[in-house]
Amino acid sequence: MFGIPIGWYLTLSAALFVLGAIGLVLRRNAIVMFMCIEIMLNAVNLTFIAFARYHNDLGGHLFVFMVIAVAAAEAGIGLALIVNVYRHRRSLNVDDINLMQG
Amino acid sequence: MGNPAFDILSILPFAVACSFGMLILLLEVFQRQTASRSYLAGIAVVGFLLTAFVSGSFLPTGTARATFGGMAWIDGYTQIFTSLFCLAGALTAMIAPRYLQEHGADRGEFYALLLFSVAGMIMMVAAADLVVFFVALEIMSIAVYALAAYTRRSKLSSEAGFKYFVLGAFASAILLYGIALVYGATGTTNLAAIGQAFGGDVARGATGDAAAMSTLAQNAIVAAARGADVSVAAVIGNTGAGAVPLAILGATLILIAFSFKIAAVPFHMWAPDAYTGAPTPVVGFMAAAVKAAGVAALFRVVSVALFSDSFRGGEYGWVQIFFALALLSMVVGNLVALVQGNIKRMLAYSSVAHAGYMLVAFTAVGFRGGDISMGSGLVFYLFAYTIATIGAFGVLSWLGSRGMPCDNFEDLDGVGYRYPWIGLAMSIFMLSAAGIPPAAGFIGKFLVFKSAVAASAAGGPGSGLLIFLVVTGILVSVAGVYYYLRVIVHLYMKKATREVPEMPYGAARWAIVICAVLTLALGVLPGKLVNSSEQAVGQMAGRADGVYQQSAEAPLPTPGGIRLIR
């Protein structure tokens, strides 16, 4: 790992993942929430790469490609859904998206 | 490597479903804007039937085979669920056309998305490796996100789709992080290999048996020899001791993500909103097929990878987690459903309660040390639940596509007299969901609770808790009878408050009839399906304890590519 212990990679990716999760809960803008999900996915990618290097195993690298591909597909559908919501409400604040409750 | 001919044959069901989806997309392009798309629904139904047919007849039954170098398993478990998902998809395709026409969303993409999501479900249940499992889960989920927001001119539907998407993507991220940590702890994403690592290395690491040289320790030594930081090897790898917290955290995150997907309390908050807002035929599909796929895949993942040796209970407490999820889901789902005024919302909470009943079977399996034959009731339960749920939402969409929305209990007033057969079918579905004989739901609930009682009969610590779970389950399901009967009261004992326009019945009626007949047939003559479910669970490949060999008729052929660990 070029001298940098795996623990540092894991700490960084765990921090990124938690930041993404906190952002998803706290931020109110739909696009920013979506970006937080992407941060979480990329934190996972970093974890996979670190472990793949550590185990000297290609499976982790392969998984990362799958995650990237799926994240792209998810971005496509997610942005379409956000645009659709925006057309109805003229707002991206998720606190306004409250037709259903209880 | 494996046999290429069999590899191609084994994904034929998946390929057929995908091809029909693409065929429908192509046909849609050549449609005039105003032309009716009903015949595309017919093509979708043919696609589903062909998928089920291919899965049932082209693949050898009674055997388990690994395909594509151990990436997927084709066994009785995959086949029985393929037929269930195809049935659910075909029924939804029959129910949807008139509803979509009435709501100005009559586009062929609907049926294509249905086929794609069913293809994802099939692959998800067949998955033998977490990579395949993850990709299949996303194929299913992404199609269903789009379906939930399908009537895009409706505010409610777009909101439902958005909420479902955010929570679903969040769950996917959690699932991935869990998989990454498990991969870090075990060095593999293959389910059977993870099961072996959890059963052997991790457990030994936990008990401090340093003499047991694990693959992790070997990896650590290799890493050290390659010039890696040896202190890091001590952190993660040596004798697996450091891998234990990683593995536990990872597996817990995977379970949380699954709880989101199957809407188990406390991860159910998206379900009521998504079910209320999404188009009614889609809600039936989401509540039935998507949940069935999640539960079926969870059962495979848990049975093969997690419930091995000491990792399954006691020491690491999987049983306790399932116990808590089951108890909370049953109690919260049933009690909150009592006070709902919107039928779709009531059925959403009822589906949360059903997730709780399903998790009782997981608890029983875990309690009996991963004896998965305890889980055969689960397969039957999923059939009964899927058919009755699709039927109930089919009735709601059929009524809702007659110019009046059918969302609240009052909208059902007098329907039982005006449309006697539809009223009778709805009553059958409600009785099945409530678990009252002779409907299929009764047998399902009976089998699940019976397995829990049988598991506790073996004694041991915690068997009292299992009995407590069963008693609580029975008590809250009695409370649940209230809101199911409320539907029947509105059907037959209230005066209709408004005139409903007369419209042709269409294919939706046949779907409802099929659901009603199947619900009664499975309730009166459950024997054949009970046998098939026992066989399917017994034939689940990749198990560590040889359950497969005892119950299979044919010997297990040696698969190419990977070793099936027995």
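Here are a few things to note about the model shown:
- Segment B:E28-B:A496, length gained on full extension (0.36 nm per residue, minus Cα span): 164.5 nm
- Solvent-accessible area lost in complex, 10 Å² minimum, residues of the range B:112-142 relative to chain alone, 1.4 Å: B:V131, B:F134, B:V135, B:E138, B:I142
- Kirkwood-Stokes translational diffusion coefficient of the protein assembly as shown, alpha-carbon pairs, 37 °C, 0.692 mPa s, µm²/s: 130
- Based on alpha carbons, the Rg and Dmax found for the range B:383-455 are 14.7, 51 Å.
- Per residue accessible area of chain A, 1.4 Å probe, in Å²: 51
- Accessible surface calculations at 1.4 Å, restricted to protein heavy atoms, place the range B:416-540 at 48 Å² per residue.
- Non-local lysine pairs in the protein assembly as shown, meaning eight or more places apart or on different chains, with alpha-carbon distances under 24 Å, amount to 18.
- Counting Cα-Cα pairs of the range B:58-186 in 10 Å increments starting at 0 gives whole-percent bin shares of 12, 33, 32, 17, 5, 0.
- Taking a ≥ b ≥ c as the square roots of the eigenvalues of the alpha carbon gyration tensor, the range B:137-192 is prolate, as a/c is not under 1.5 and a/b beats b/c.
- At least 30 Å² of accessible area lost relative to the chain alone, listed for the range A:69-102 with a 1.4 Å probe: A:V70, A:E74, A:I77, A:L81, A:N84, A:V85, A:H88, A:I97, A:L99, A:M100, A:G102
- Sequentially through the range B:136-148, phi angles give Karplus couplings (6.51, -1.76, 1.60; θ = phi - 60°) of 5, 4, 6, 4, 5, 5, 4, 4, 6, 4, 5, 5, 5 Hz, Gly and Pro residues having no value and appearing as x.
- The Stokes-Einstein estimate for the range B:362-516, based on a Kirkwood radius over Cα pairs and taken at 10 °C with 1.306 mPa s viscosity, is a diffusion coefficient of 93 µm²/s.
- Each helix, a run of at least 4 DSSP H residues, gives -39500 (n - 2.57); summed and divided by the residues of the protein assembly as shown, these come to -23500 deg cm²/dmol at 222 nm.
- For the range A:28-89: rounded, prolate or oblate by the Cα gyration tensor [a/c cutoff 1.5]: oblate
- Solvent-accessible area buried by pairing A with B, both sides, nearest 100 square angstrom, 1.4 angstrom probe: 4200
- Separation of the range A:7-75 and the range B:29-49, taken as the distance between their Cα centroids, equals 39 angstrom.
- Rounded Å value of the spacing that divides the Cα centres of the range B:170-185 and the range B:479-521: 43
- Nonpolar atom fraction for the protein assembly as shown, defined as the carbon and sulfur part of the 1.4 Å probe accessible area, stands at 68 percent.
- Accessible surface for the range B:83-161, divided over its residues, is 21 Å² per residue with a 1.4 Å probe.
The values are calculated or read from the model by the stated rules, or taken from the named source; none is laboratory data. Here the structure is a predicted model, which means the values were calculated and not measured. Only protein heavy atoms, including side chains, enter the accessible area calculation; ligands, DNA and RNA are left aside. Shrake-Rupley method; radii C 1.70, N 1.55, O 1.52, S 1.80 Å.
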